[in-house]
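The values are calculated or read from the model by the stated rules, or taken from the named source; none is laboratory data. For clarity, every value in this text was computed on a predicted model and none was experimentally measured. When we count neighbours, we look across all protein chains shown, and the Cβ atoms used for this are built from the backbone with ideal geometry, even at glycine. Accessible surface is based on the protein model in full, side chains and every heavy atom, while ligands, DNA and RNA are left aside. Shrake-Rupley method; radii C 1.70, N 1.55, O 1.52, S 1.80 Å.
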Amino acid sequence: MKPRNYKKLEKYMKRVIDLRNFIDNIENQLIKGRGKWIAEFNESFINYSLDNLVFPLVVRGQTRSKGFLLSRLFAYLAMPNYLVSCFVYPSEINSYLKKEKLKILLREISKMMKKNNVKWSWLIIPKEGEFNQRIIKWVEKNDLSNIGIALVNLNTKNILTNNSVIGRKIKTISKF
Amino acid sequence: MKKISKINFGDLGKSFSIFFIFIVTLRVITNFLFTKIIIRDWWMLTIEIILAAIVSYIYYRLKYHTTFSYDKEGFILEIGKEKISSKWKDFKFISLYYSGLGKTSLRLYINDTYKDDYIEIPVSDLGLSPKEFREKVSKLISI
């Protein structure tokens, strides 16, 4: 006989697996050079802790690609050498992401960027289901110039980004 | 302690090519200087190949060959003549670093991920699966 909460547990496990697959997918895409028109990502961390926050995935790189001979020379002469990073922080299952939490995330990322001279960052927040309307409006209005924010609905594959150049670039660095 | 060691044919081939070209060039130059003719014989080529293979293998063992031994407490990493041993608990962050041309290594950071205080384990040279190995090491670090 199946336990009473079997279906609930099954649903929960499916969500966890979907999130895990999403994170794996992003890591593979970035490492394989999907974002190379903006930056070359070459190092990935799992369970990266920043103060009290733990990011399941952080991928970092630089805008100057390494390449081979000519492309290396071109990158050296024409591209600025900015450090960049991409953070993935899944919204907790069965709960809404609060604006305050998002602000804390952005504050910690900004602090880290300032400390380590990181020029651009992206924060990707995947979720199984709809995001809170207040959060959506806040992200859409947000115009942070050096941090791109993306809210990803894993069910509908809909991506919502903040209104800055860096934010809009998220759609080009990863395909969900 | 579990020991992992694998011959890296990429590095071995690289050192063989360098030594083979060097030996052949040296032989041609000395040949020409002393006799004014360049000897082209199969036995000469065979000797050069054997000599290059021996020298390059010794060079590979001294410079590139990687051996990694580990248990629950710590690990010993040997790259050529260099030997590093450390405890898992000394590290705070781990990452997979992709240096291009299919080379992947696991970086173990002591404290700050933006400083150069890390140890790099060449995962692809050891023939390990990078993600599986990262999973294993992250469990060992958190113990």
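Quick look at the values:
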read-out: Hey, A:Val152 in contact with a Pro (Cβ under 8 Å, 6 or more places away or on another chain), in contact (Cβ under 8 Å) with a residue 24 or more places away in the chain and open to solvent by less than 20 Å² (accessible area, probe 1.4 Å) or not; value: yes
read-out: Qualifying position, being within 20 Å of A:Val152 (Cβ to Cβ), open to solvent by 100 Å² or more (accessible area, probe 1.4 Å) and within 14 Å of chain B (Cβ to nearest Cβ), among A:Lys115, A:Lys32; value: A:Lys32
read-out: Residues of the range A:35-53 satisfying the condition of being surrounded by fewer than 20 Cβ atoms within 10 Å (Cβ to Cβ) and either more than 13 Å from chain B (Cβ to nearest Cβ) or not in a strand (DSSP E or B) (or both); value: A:Lys36, A:Trp37, A:Ile38, A:Asp51, A:Asn52, A:Leu53
read-out: Qualifying residues in the range A:137-162 (those that are assigned to a loop (DSSP other than H, G, I, E, B) and of a type outside the set (S, T, N, Q)) - the one nearest to A:Leu106 (Cα to Cα); value: A:Leu144
read-out: Residue in the range A:54-69 that is assigned to a helix (DSSP H, G or I), over 13 Å from the mean Cα position of the chain (by Cα) and of a type in the set (A, V, I, L, M, F, W, C) present; value: no
read-out: Filter result for B:Thr113 (modelled with pLDDT under 90 and open to solvent by less than 30 Å² (accessible area, probe 1.4 Å)); value: yes
read-out: Identity of the residue in the range B:87-102, within 14 Å of another protein chain (Cβ to nearest Cβ), of a type outside the set (D, E, K, R) and not in a strand (DSSP E or B), that ends up surrounded by the most Cβ atoms within 10 Å (Cβ to Cβ); value: B:Phe91
read-out: Test: residue in the range A:8-26 that is loosely packed, with under 14 Cβ neighbours inside 10 Å, at pLDDT below 85 and not in a helix (DSSP H, G or I); value: no
read-out: Test: residue in the range B:50-57 that is in contact with a Lys or Arg (Cβ under 8 Å, 6 or more places away or on another chain), farther than 30 Å from A:Ser65 by Cα and either within 14 Å of chain A (Cβ to nearest Cβ) or open to solvent by less than 80 Å² (accessible area, probe 1.4 Å) (or both); value: no
read-out: Subset of the range B:60-86 [surrounded by fewer than 18 Cβ atoms within 10 Å (Cβ to Cβ) and in a helix (DSSP H, G or I)]; value: B:Arg61, B:Leu62, B:Lys63
read-out: Verdict on B:Ser138 being out of contact with any Ser or Thr (no Cβ under 8 Å at 6 or more places or on another chain), over 23 Å from B:Asp11 (Cβ atoms), within 14 Å of chain A (Cβ to nearest Cβ) and open to solvent by 60 Å² or more (accessible area, probe 1.4 Å); value: no
read-out: Failed criterion for B:Arg27 (all others in (1) under 29 Å from B:Ser138 (Cβ atoms); (2) basic (Lys, Arg); (3) surrounded by 17 or more Cβ atoms within 10 Å (Cβ to Cβ) hold); value: (1)
read-out: Some residue of the range A:93-116 being within 29 Å of A:Gly33 (Cβ to Cβ), small (Gly, Ala, Ser) and at pLDDT below 90; value: no
read-out: Count of the range A:84-100 residues which are out of contact with any helix residue (DSSP H, G or I) (no Cβ under 7 Å at 6 or more places or on another chain), within 14 Å of another protein chain (Cβ to nearest Cβ) and not hydroxyl-bearing (Ser, Thr, Tyr); value: 1
read-out: Residue in the range B:37-49 that is at pLDDT 90 or above and either closer than 30 Å to B:Leu126 by Cβ or not in a helix (DSSP H, G or I) (or both) present; value: yes
read-out: Pairs with Cβ under 7 Å, 6+ apart, first in the range A:37-52 and of a type in the set (D, E, K, R), second open to solvent by 40 Å² or more (accessible area, probe 1.4 Å) and assigned to a strand (DSSP E or B); value: none
read-out: Residues satisfying the stated conditions in the range A:54-77, i.e. more than 20 Å from A:Ile125 (Cα to Cα), away from chain B (no Cβ under 11 Å) and touching a residue at least 12 places away in the same chain (Cβ under 8 Å); value: A:Gln62, A:Thr63, A:Arg64, A:Tyr76
read-out: B:Ser105 surrounded by 13 or more Cβ atoms within 10 Å (Cβ to Cβ), of a type in the set (Gly, Ala, Ser) and in contact (Cβ under 8 Å) with a residue 24 or more places away in the chain; value: no
